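No value in this document is a laboratory result; all are computed from the given coordinates. Everything quoted here is computed from the prediction, not taken from an experiment. Here the Cβ is made from the backbone with ideal geometry for all residues, glycine too, and neighbour counts use every protein chain on show.
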Amino acid sequence: MKMLIAIVYDDNVDALIQALTADSFRVTRVASTGGFFHKGNTTLLIGVDDERIDAAMNVLRQKISPAVDDEKRATVFVVPVSRFEQI
C-alpha cells in the first residue's frame, strides 16, 4: 500500500476528486497553503494499493489542467505505508 500526497491548485480539485472517487479511490481533502505554488492549493491524501498506483497517477495527469510556460500544476509524493487501521 502507498499513500499519495498530491498538492494541487484549487482550480483542479473538484474535478480531480470526482474522477478519483468515480474510479473507487478514497480521497481526503485538506485545505493548505505554503511554498509549493505560492497560491491557493489543496492537499489530497489518497490511500492506494500498490497495483493501482499507475491508475491513480493517470487520473491525476488527466484531470490536472495543462501547464502553462513550464509552470508545474501539482506535486505528488508516493509514500510507502507499512500499516494502517480503520477504527
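Relative contact order for the chain: what percent, with Cα pairs under 8 Å and sequence separation of 6 or more?
Relative contact order for the chain comes out at 45 percent.
Please order 72, 2 by the number of other Cβ within 10 Å, starting at the fewest.
72, 2
Identify the chymotrypsin sites (Phe, Trp or Tyr not before Pro) of the chain meeting these criteria: DSSP loop state and at most 11 other C-beta atoms within 10 Å of the C-beta. Numbers along the way, then the final one.
Numbers: sites: 9, 25, 36, 37, 77, 84; in loops: 25, 36, 37, 84.
Here the sparse-neighbourhood loop sites are 84.
For residue 41, enumerate residues with amide H under 5 Å from its amide H, sequence gap 5+ or separate chain, H modeled in the peptide plane.
10, 32
Ignoring everything except DSSP H segments at least 4 long, calculate the 222 nm mean residue ellipticity for the chain; use -39,500 (n - 2.57) per segment, divide by total residues, nearest 500. If you can, show how the numbers build up before the last one.
Details: 2 runs with 24 residues, N = 87.
Only helices count here, giving -8500 deg cm²/dmol.
Measure nothing fancy, just the Cα-based angle from helix 10-22's long axis to the longest principal axis of the chain, in degrees from 0 to 90, nearest 10.
30
Taking the Cα centre of the chain as origin, sum charge times position over the Cβ atoms of Lys and Arg (+1) and Asp and Glu (-1), and report the length of that vector in debye to the nearest 20. Working shown, then result.
Values: 10 positive and 12 negative charges, 33 e Å.
Here the chain has a charge dipole of around 160 debye.
By how many nm would the segment from residue 11 to residue 87 lengthen if fully extended, with 0.36 nm per residue of separation less the alpha-carbon distance?
On the way: separation 76, 0.36 × 76 = 27.36 nm, distance 3.27 nm.
Taking 0.36 nm per residue and subtracting the Cα distance, the gain is 24.1 nm.
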